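Read through the structure below, which is laid out as structure tokens, and then see the notes.
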Amino acid sequence: MKTSNPVLSRLGQAAARERAAGYAQPGPYGQPGYPQQYQPYPQQYPAGPGYPAAPPAVTPMTLDDVVVKTVMLLGIVGIFAAAAWVLVPDALVGVALMGAIVVTLVLGLIISFSRVANPALVVTYSIVEGVLVGMVSKAFESFYDGIVLQATVATFGVFFLMAMLYKARVIRATPKFTRIMIAVIGGLFAVMLINLMLALFGVNTHLRDGSKLAIVFSLVCIVVAALSFVLNFAQIEDGVRMGLPQRYSWTAAFGIVVGLVWLYFEILRLLSYFQGDD
């Protein structure tokens, strides 16, 4: 099945290579194959001395797999966020924050551009992401009492709203929508990275200082982060339909967790602007 999602295309190619290696036979006319246990006419493999063993069957991922992995990763993020909040001394918050930013950036890029799902790498990313969330949350909560709870409720509220809109087909991941979203996300990522580098050298671009420009920028980021869930939902839906191996549910869950954390940070920052952050 053809898809406009480049991530799904890479995963589909990986799954195709597995099928070619004997894990699952391709279907007719280029249709996605099915694991051996689902083949209507399974190939018979001779058994006995001198014959190679039959290739193992690969279990395709399901929506339940993605839900379980997502909850698991969010649990890891939450546990390590709480641990970092409590255990990291105030004097080391800045060091821990910068270290977590660098590590999550590197791991996130590796996972995003990898052609093979790596559960261990995804779990490691979630652990470090948890430390980052804990450090950021601790810093904001020290200035604005109750802001973390407000941002958390708002984040999951937006997520479930987008899930309902997608389920009702109010918003769909058309090829044009996907191309625009990928371009916009890439552009925002570049702008935020440049802004971070400039901030380290004392240059204020007014994108994160509570000004009107900063408020508009955060609103744009929140809208884009919310719409990114549409890409995640479409990726999961297409992945299940394509019969991707079960381990790719880790990659799908990773995408949702990244979107949730990004959305949380942007809502946290926006709320701070309306509580006297100059």
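Bear in mind these aren't lab numbers, they're just calculated from the coordinates by the rules spelled out. Computed from a prediction, not measured in an experiment: that's the story for all the values here. Don't worry about glycine lacking a Cβ; one is built from the backbone with ideal geometry, like all the others, and counts go over all protein chains shown.
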*Whose amide H sits under 5 Å from the amide H of Val116, counting only residues 5 or more places off or on another chain, with H placed in the peptide plane?*
none
_Spin-label model distance (nm) - Glu141 vs Leu198, 7 Å beyond Cα toward Cβ_ = 3.3
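Apply the a/c threshold of 1.5 to the C-alpha gyration tensor of region 61-273 and tell me whether it is rounded, prolate or oblate.
On the way: a/c = 1.65, a/b = 1.33, b/c = 1.24.
Here region 61-273 falls in the prolate category.
Of the lysine pairs in region 61-273, how many meet both conditions: Cα atoms under 29 Å apart, and a spacing of 8 or more in sequence or different chains? Kindly include the intermediate steps, with their values, before the conclusion.
Values: Lys69/Lys138; Lys69/Lys167; Lys138/Lys212; Lys167/Lys176.
For region 61-273, qualifying lysine pairs total 4.
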